[in-house]
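The values are calculated or read from the model by the stated rules, or taken from the named source; none is laboratory data. Just so it is clear, the structure is predicted and the values come from calculations on it, not from any experiment. Every residue, glycine among them, receives a Cβ derived from its backbone with ideal geometry; neighbour counts consider all protein chains shown.
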């Protein structure tokens, strides 16, 4: 449980730096940075919720009958990429958030990281469990990302000593969050 | 008689005993008065007199300019010796003032008493305006525009404010004790001007004498004064129960909408002092040229309430109350929560001067060193506007205007409760006062941009339509020719 | 002249330079004497009277309300806690002074505000009384330097410093943190180290020669419960041991009751509000009660949860730390309930015997988000 | 082996479809025959978002025909974020946030604007009623008719100054909004 959460936290860190730091590669066009973070959280959570049952179905009904389990990671990545691109198209047409130049890149790397982390757990799960796993991972990611984002924006007006502003203090905060997440170790046998 | 509880607020030491021990005094007429042209809320009045001109007591010397403004009258008879910028107690910057030197005569301008029953309500409002009436509770909003605004509501509830919640101030208490009949008469006139359906008088429960006096006056009222059925409400002594919005909520149970006025929900608040002044103007033809001022604080020899001619210098008023006794730590106009610290006593008494506190160091609790906010939440518990001052403080530090707007900075009534309870001794009220103009400017810039945008787009559409119509006409002609 | 400057700076415009405000009546009055009047009385912004309250007073009262619990601690677990308290306070103050020096802040005002002392005290109260000196020293130094001063000192830290310090110790030195003494009861045949033995142990880092850890320590009730449940015992069997009292663990139940009294005292002093403790304790007790009713054999009852471990310390003294807690009343309820629920989950199914520290840190991280979504209705705004 | 290849081919096909669909661009020719690529959906919403940030002065200092045209140019990458003097550095910063560009201050080449905005004011006795300013005003804030005196609706004037230059008798000046009701004074200066 805590190792999964730690992986989620690491991808929160990646998202945070993509949202806050990378010029020209931002995932959304939005003037309110919290709105971008919200968009990323919601879209990633939805993607994961779709991805987990889809890859379970793929695994159970295509790969296992054909004894092609070794292709699982590769197919997962193809699936993730196409999901990311589909969601980009959907958002462009109807979305509340406008995907920016970095959207597809971030979304696919994000989902790949999380999807591979889920993959081993999906093998031993039932279909219902795989849905729950996807939903749970997505929701935890969204909650962690939004919490981390709000935490960081609250620090804008804190008297953080100059050498620790921006990235260093983000890493410290993330470290403390990781410490807190350690409390969940042993909750679900790994 | 039970009132719905106000959110937050503080139980403060009233410090009102000392000034209410002696009867109301009348100050001697001064030899010179300084009358600021902008001593009411809204636009400053325009002078009607020239330097050197002789004016009579009660003669109008400046007329209102714009919608929200008020008349100004000479408070003594004499010669206009100057019209110039002078320091005033109610503004940071020097304000234009008319200075009148007394010639010793008691000559008054003739203002005929008016028969209220023969005037219709709007004419009555206009007549009240001509008396230079403004709210005497301290906010000095011109009375007549407020009455006209109130008339737009369907059913008007007149609320007379005798709560006087701020520490030290006791001028309304004294007025209710000594001139209850005037207040009732004024209330009946205001009710008529407003066509009010109901009238309530709110008094805090730390003024039992005033409550008794008002109730006695009501039962002993002269039959030919149409005293409306005033419902006297006794409310617990919690600062700021006398704030306009808090008062309306206490009486009606409704909240004044954000950015709106009490008249939006059919309530009109007037101070008891205003009611008494209106009665004197209507029945005796005396415009607003004097007011009761509470002179108190440990630094004055004889604390008392004293009726002062407007424009008298504060030094003169304090001298008539026995002068200073001790080293003055602060001279306040108003109470200790919202009052203004004056740098000098060479300033005139204005319509807003309800109280002068001559504070010795023992009267003040000095602010300690400011510590960072620990978000203890005392402030949000005390805030009568239900704000989160700790969050506002954080966003004001970060100069985050959208967040300040979201957290309701403009709903802050600057009552000072958050400052009072803050363990970190942060000057929150001052910080909010400083941040408000930036937010207002931000808001109005946004409104202006929206307006300009719609007009630009309308114009663009119109030009495009004209162009296409022109093209269509040309094409038609081409067709008919060819 | 500033306005002439403006005219020059605007290449494409015509500027009206009306200085008309001052010449309305034909006479410009720019009397310098009037504007720059030397003040006769000192002035200040309203309000002029503020309540005699200070951060120091608040922190001092919190320390006072901890005294009953410390007394109980001494009664049941010996005087080791006093040494730990002194060590905790000393290192916290030293770390605070060091950080303030580095950041060029005034030492006096910030050292005497009492917040560093509270951090040291809270960590000391979480540690076993015989824990070696470097444990508490590193814990409180870590708390002050990393969790407090990296974020800008008092008032700025999003995480509760004491819990950061404690969680670091818990993750890094799990063994040392389980070496608790048993309560001094006649039916427990366990040696009690004397005060000098305690001092020796704390400062040397190991026991004096005549004592062994096995002879003097016993697991905490929460710990013993989880081990015996893991061994397949039922709740009744697990709780029949000598460690367990009427409500929770012997000794522990008294400390928790003393903390409850301290907490009610804090409530009466209006230093904390009821929302966080009530929400936290309810979120812990309600699921415990439901599961206990459904399956009394494998789940401990709500009273056991409330009187064990750091429940009361967490509810009244740690979660209520205003700097790192949620702001609005609704937010406080959510925040408290989150801590209670996570603590319950970790205690019941997780790998650590107690989860208050982790729960507090997780909810600390969520506070800005909670605050964002729980802004209370403002006067005059639609419901 | 063959099956594995087939599965991978299917995956590739899926990916290719997604890529094609996600391009969402239409290619067509403009009236001069040049290729223009426009990204319809993205453009419309992005232009709207950019336009929200602009001060709507419509002053053309940015060298475009108004705020919306500037927003369009920004969305297509044909203009830089530092061309709006009335919006100032703050607007430039917000545009940088929105578009993911490095923030920079407004370029002084595009003009300098004072912090307190001015409004146009017509010295009515001098006005000859030529309507040139009415045509120039981008927000229809000047009222009047041919041969009749014109006047500025102060509350709707954005201070764009576009009406100042066309006036043949130089009777329009820029003033502080709270001074427009005052008569013309001798201190009014015409800067070139």
* To do: Among the residues of region C:325-361, write down those that are surrounded by fewer than 22 Cβ atoms within 10 Å (Cβ to Cβ) and either within 13 Å of residue A:180 (Cα to Cα) or at the interface with chain A (Cβ under 8 Å from one of its Cβ atoms) (or both).
  => C:345, C:349, C:351
* Look at residue B:380 and say whether it is under 24 Å from residue C:331 (Cα atoms), at pLDDT 90 or above and not assigned by TED's automatic domain parsing to the domain that holds residue B:166. => yes
* Asked: Which residue out of C:111, C:82 is within 13 Å of chain B (Cβ to nearest Cβ) and either modelled with pLDDT of 85 or more or under 18 Å from the mean Cα position of the chain (by Cα) (or both)?
  -> C:111
* To do: Confirm whether residue B:331 is buried (at least 24 other Cβ atoms within 10 Å of the Cβ) and in contact (Cβ under 8 Å) with a residue 24 or more places away in the chain.
  => yes
* Structure fact -> Within region C:268-277, of all residues that are touching a residue at least 12 places away in the same chain (Cβ under 8 Å) and within 16 Å of the chain's Cα centre (by Cα), the one farthest from the other protein chains (Cβ to nearest Cβ) is C:277
* To do: Give A:82, A:108 a once-over and let me know the one that is buried (at least 19 other Cβ atoms within 10 Å of the Cβ), free of Cβ contacts under 8 Å to residues at least 12 places away in the same chain, more than 14 Å from chain C (Cβ to nearest Cβ) and out of contact with any strand residue (DSSP E or B) (no Cβ under 8 Å at 6 or more places or on another chain).
  => A:82
* Structure fact -> For residue A:177, the lone unmet condition from (1) at the interface with another protein chain (Cβ under 7 Å from one of its Cβ atoms); (2) buried (at least 20 other Cβ atoms within 10 Å of the Cβ); (3) touching a residue at least 60 places away in the same chain (Cβ under 8 Å); (4) more than 20 Å from residue C:145 (Cβ to Cβ) is (4)
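Per-residue answers, yes or no, for (1) modelled with pLDDT under 90; (2) farther than 25 Å from residue B:305 by Cα:
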| position | (1), (2) |
| --- | --- |
| B:2 | yes, yes |
| B:47 | no, yes |
| B:59 | no, yes |
| B:62 | no, yes |
| B:87 | no, no |
| B:102 | no, no |
| B:109 | yes, yes |
* Structure fact -> Scanning region D:128-161 residue by residue, those touching a helix residue (DSSP H, G or I) at 6+ places or on another chain (Cβ under 7 Å), surrounded by 18 or more Cβ atoms within 10 Å (Cβ to Cβ) and within 23 Å of residue B:449 (Cβ to Cβ) turn out to be D:138, D:139, D:141, D:142, D:158
* Which of the following residues is touching a residue at least 40 places away in the same chain (Cβ under 8 Å), in a helix (DSSP H, G or I) and within 16 Å of residue B:28 (Cα to Cα): B:318, B:306, B:292, B:282? -> B:318
* Yes/no for residue C:151 being in a helix (DSSP H, G or I) and free of Cβ contacts under 8 Å to residues at least 12 places away in the same chain -> no
* Structure fact -> Given the conditions (1) assigned to a loop (DSSP other than H, G, I, E, B); (2) under 22 Å from residue B:90 (Cα atoms); (3) assigned by TED's automatic domain parsing to the domain that holds residue B:359, every one holds for residue B:242 apart from (3)
* Asked: Just a yes or no: is a residue in region A:149-162 surrounded by fewer than 20 Cβ atoms within 10 Å (Cβ to Cβ), in a helix (DSSP H, G or I) and more than 8 Å from every other protein chain (Cβ to nearest Cβ)?
  -> yes
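Among the residues of region D:46-71, write down those that are buried (at least 20 other Cβ atoms within 10 Å of the Cβ) and more than 9 Å from chain B (Cβ to nearest Cβ). Quick ask: steps written out before the conclusion?
From region D:46-71, those buried (at least 20 other Cβ atoms within 10 Å of the Cβ) are D:46, D:50-51, D:53-59, D:61-62, D:66-68, D:70-71; that's our starting set.
Hits for region D:46-71 are D:46, D:50, D:53, D:59, D:61, D:62, D:70, D:71.
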* Having 2 or more residues that are in contact with a helix residue (DSSP H, G or I) (Cβ under 6 Å, 6 or more places away or on another chain) and at pLDDT 85 or above is the bar; report the helices (runs of 4 or more DSSP H) wholly within region A:1-106 that clear it. => A:33-58, A:72-94
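One line per residue, one yes/no per condition, for (1) closer than 30 Å to residue D:98 by Cβ; (2) out of contact with any strand residue (DSSP E or B) (no Cβ under 8 Å at 6 or more places or on another chain):
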| site | (1), (2) |
| --- | --- |
| A:35 | yes, no |
| A:38 | yes, yes |
| A:42 | yes, yes |
| A:52 | no, yes |
| A:59 | no, yes |
| A:63 | no, yes |
| A:73 | no, yes |
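Take the conditions farther than 19 Å from residue B:415 by Cα, touching a helix residue (DSSP H, G or I) at 6+ places or on another chain (Cβ under 9 Å) and not in a strand (DSSP E or B) and apply them to residue B:346. Does it pass? Steps first, please.
Details: farther than 19 Å from residue B:415 by Cα: yes; touching a helix residue (DSSP H, G or I) at 6+ places or on another chain (Cβ under 9 Å): yes; not in a strand (DSSP E or B): yes.
Yes.
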* Check on residue D:75, within 21 Å of residue B:453 (Cα to Cα), buried (at least 21 other Cβ atoms within 10 Å of the Cβ), assigned by TED's automatic domain parsing to the domain that holds residue D:61 and modelled with pLDDT of 90 or more -> no
* Structure fact -> Within region A:126-147, residues surrounded by fewer than 20 Cβ atoms within 10 Å (Cβ to Cβ) and in contact with a helix residue (DSSP H, G or I) (Cβ under 8 Å, 6 or more places away or on another chain) come out as A:127, A:131, A:135, A:139, A:140, A:143
* Asked: Which residues, counting only those in region B:121-144, are assigned to a helix (DSSP H, G or I), out of contact with any helix residue (DSSP H, G or I) (no Cβ under 8 Å at 6 or more places or on another chain) and in contact (Cβ under 8 Å) with a residue 12 or more places away in the chain?
  -> B:130
* Asked: Residues in region B:149-182 that are assigned to a helix (DSSP H, G or I) and more than 19 Å from residue B:336 (Cβ to Cβ): how many?
  -> 10
* Asked: Are any residues in region A:64-77 facing another protein chain (nearest Cβ under 8 Å) and either buried (at least 21 other Cβ atoms within 10 Å of the Cβ) or touching a residue at least 12 places away in the same chain (Cβ under 8 Å) (or both), and if so, which ones?
  -> A:75
* To do: Please enumerate the residues belonging to region C:50-66 that are within 16 Å of the chain's Cα centre (by Cα) and either crowded, with 20+ Cβ neighbours inside 10 Å or more than 30 Å from residue B:417 (Cα to Cα) (or both).
  => C:55, C:58, C:59, C:62, C:65, C:66
* Asked: Within region B:431-454, is even one residue within 30 Å of residue C:160 (Cα to Cα) and either at the interface with chain C (Cβ under 8 Å from one of its Cβ atoms) or surrounded by fewer than 21 Cβ atoms within 10 Å (Cβ to Cβ) (or both)?
  -> yes
* To do: Pick out the one residue from C:168, C:164 that is under 18 Å from residue C:128 (Cβ atoms) and either in contact with a strand residue (DSSP E or B) (Cβ under 6 Å, 6 or more places away or on another chain) or within 14 Å of another protein chain (Cβ to nearest Cβ) (or both).
  => C:168
